[in-house]
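The values are calculated or read from the model by the stated rules, or taken from the named source; none is laboratory data. The structure presented is a predicted model; accordingly, all values stated were derived computationally and were not measured. Here the Cβ positions follow ideal geometry from the backbone for every residue, glycine too, while neighbour counts run over all protein chains shown.
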Amino acid sequence: MSVKSDHPETIALHAGWRADASNGAVAVPIYQTTSYQFKDTEHAANLFALKELGQIYTRIGNPTTSVLEERLAALEGGAAAVALASGQAASAFSVQNLAKAGDNIVSSTDLYGGTWNLFANTLKDQGVEVRFVDPTDPENFRRATDLRTRAYYAETLPNPKLCVFPISEVASIGKEYGIPLIIDNTAAPLLARPFDHGAAIIVYSTTKYLAGHGTSIGGAIIDSGKFDWEKNPQRQPALTTPDASYHGAIWVEAVRSIGPVAYAIKARTTLLRDLGSAISPFNAFLTLQGIETITLRMERHVQNTQKVVDFLANKKEIARIIYPSKQTGEMRRRADKYLTGGYGALLGFELKGGMDAGRRFIDALQMFYHVANIGDARSLAIHPATTTHSQLGEEAQLASGVTPGYVRLSIGLEHIDDIIADLERGLRAANQ
Ligand code: PLP
């Protein structure tokens, strides 16, 4: 039995595991196996019929991965989680679990570029329409809703704009229709608690802060267990009508004896089984190592970032700093309402010198890594106009908040003096 606690510090170390029943091993073992011996034919039949939960084949589940799943669900206060090979797989599954060809979802325009591509192109090619709306006004979600709308989708703290999403405002609109809000909380683990504000499903790229060490691509979907799929059953046919892909199971009924986990079980037993985006046990293990220290790391990420924001304030080379605590009005209200654990460790700033200054800044850095990633223990920097956003036209870049002089930082855990010394180096170069 693992230790039960409501405190993230304890959950991060204990949820889902105590010790190996056969030899007492304390660290979670890496169960590097593909398959699992059934006790007898009755046991095998029960596992396949979901009368009993247990391991069948590592594509669908694995004991190392199960600990990761329990730990993530416990950290977010959810009922169950499904760990996946990447954050991309998690975003895709979160939608595909509810929407079929002919259906649609409504998504915030403020998204990670990979999710944008998935939604605007790949899901569209598969017949699922994604209707993009500006989250500045939560009512835009209602306006884009019709009878085939199956989910709302957004990121808590989307970069590069770093405008926090109005979670409870949009979740309550969805509840009126029986539409769940799916929230990608990748940039704000522990800082924001989407389930407390009515989100139904959380998506993570565990590649970022949760793992923290930059060694392992991974993702997860977490089912809050609180969304009432049966309130408007015609709205969620994927969970409330017979599923031909699992001998006619009606998911909300099939799992009633297990708990409120219809969404998570369906994702595992149909999508993961069929599409096969399983995380390897080794990556699940490495992700667990990272999660053990997530509470301390997030605190330091946030402290260091605040010091960087203070350092950058009033620098003559900088036209504007993009960080939640620098926002005003409604955006600041949202940041304060949802980022209860701190304003995060991503920040942007705009160099007055534009494109050339952005290039010079990045090229002068010696400690920051110049990479297309966020949420590493190391400090990272990128100039979106020459990299992640370079394929977009000027207008699309501006709409996404990226200007030629925009630089994005993901502040790490190094000593603050070294972080600032490197930024000073960059600013000197930008100013030349
Ligand atoms: N969601 C967000 C907010 C991200 O930043 C990323 C990756 O950068 C992803 C999802 C995709 O995650 P992964 O790279 O693990 O597939």
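When the test is whether a residue is of a type outside the set (Asp, Glu), outside the structural domain of Ala80 (by TED's automatic domain parsing) and closer than 21 Å to Leu68 by Cα, Ser2 passes it.
Listed here are the helices (runs of 4 or more DSSP H) enclosed by segment 9-114 that have at least 3 residues being within 16 Å of the ligand (Cβ to nearest atom): 63-76, 87-96. Entry remark, segment 125-158: residues being under 20 Å from Ala90 (Cα atoms), touching a Ser or Thr at 6+ places or on another chain (Cβ under 9 Å) and not aliphatic (A, V, I, L, M) number 7 in total. Out of the residues in segment 153-206 meeting the condition of being away from the ligand (no atom under 16 Å from the Cβ) and among the aromatic types (Phe, Trp, Tyr), tell me which one is surrounded by the most Cβ atoms within 10 Å (Cβ to Cβ). By that ranking, first place goes to Phe195. Taking the conditions (1) in contact with a Phe, Trp or Tyr (Cβ under 8 Å, 6 or more places away or on another chain); (2) not in a strand (DSSP E or B) in turn, Met367 satisfies each one other than (1).
Within segment 385-420, the set of residues being β-branched (Val, Ile, Thr) and touching a strand residue (DSSP E or B) at 6+ places or on another chain (Cβ under 8 Å) comprises Thr388, Thr403, Val407, Ile411. Scanning segment 207-225 turns up no residue that is in a helix (DSSP H, G or I), within 16 Å of the ligand (Cβ to nearest atom) and of a type outside the set (Asp, Glu).
Being out of contact with any strand residue (DSSP E or B) (no Cβ under 6 Å at 6 or more places or on another chain), over 25 Å from Gly259 (Cα atoms) and crowded, with 24+ Cβ neighbours inside 10 Å, is that true of even one residue in segment 219-237? Scanning segment 219-237 turns up no residue that is out of contact with any strand residue (DSSP E or B) (no Cβ under 6 Å at 6 or more places or on another chain), over 25 Å from Gly259 (Cα atoms) and crowded, with 24+ Cβ neighbours inside 10 Å. Can you find a residue in segment 247-258 that is of a type outside the set (A, V, I, L, M) and either crowded, with 21+ Cβ neighbours inside 10 Å or within 16 Å of the ligand (Cβ to nearest atom) (or both)? There is at least one residue in segment 247-258 that is of a type outside the set (A, V, I, L, M) and either crowded, with 21+ Cβ neighbours inside 10 Å or within 16 Å of the ligand (Cβ to nearest atom) (or both). Candidates are the residues of segment 346-391 that are hydrophobic (A, V, I, L, M, F, W, C) and within 13 Å of the ligand (Cβ to nearest atom); the one that is nearest to Gln432 (Cα to Cα) is Ile382. Hey, does segment 313-328 have a residue that's in contact with a strand residue (DSSP E or B) (Cβ under 9 Å, 6 or more places away or on another chain), closer than 14 Å to Leu423 by Cβ and without any contact (Cβ under 8 Å) to a residue 12 or more places away in the chain? Yes. If we keep just the residues of segment 17-52 that are farther than 30 Å from Val3 by Cβ and among the acidic types (Asp, Glu), which is surrounded by the fewest Cβ atoms within 10 Å (Cβ to Cβ)? Selected residue: Asp40.
Taking the criterion of being β-branched (Val, Ile, Thr) and under 21 Å from His383 (Cβ atoms), would at least one residue in segment 331-344 satisfy it? Within segment 331-344 (the criterion being β-branched (Val, Ile, Thr) and under 21 Å from His383 (Cβ atoms)), the answer is no, since none of the residues qualifies. Evaluation of Ala99 against the conditions (1) in contact with a Lys or Arg (Cβ under 6 Å, 6 or more places away or on another chain); (2) over 19 Å from Asp274 (Cβ atoms) shows that the sole unmet condition is (2). Here the condition is being in a strand (DSSP E or B) and small (Gly, Ala, Ser); of Ala357, Ala381, it holds for Ala381 alone. Please verify whether segment 58-73 includes one or more residues that are touching a residue at least 60 places away in the same chain (Cβ under 8 Å), touching a Pro at 6+ places or on another chain (Cβ under 7 Å) and surrounded by fewer than 17 Cβ atoms within 10 Å (Cβ to Cβ). There is no residue in segment 58-73 that is touching a residue at least 60 places away in the same chain (Cβ under 8 Å), touching a Pro at 6+ places or on another chain (Cβ under 7 Å) and surrounded by fewer than 17 Cβ atoms within 10 Å (Cβ to Cβ).
Whether any residue in segment 402-412 is assigned to a loop (DSSP other than H, G, I, E, B), crowded, with 23+ Cβ neighbours inside 10 Å and not hydrophobic (A, V, I, L, M, F, W, C) is what I want to check. Among the residues of segment 402-412, at least one is assigned to a loop (DSSP other than H, G, I, E, B), crowded, with 23+ Cβ neighbours inside 10 Å and not hydrophobic (A, V, I, L, M, F, W, C), which makes the answer yes.
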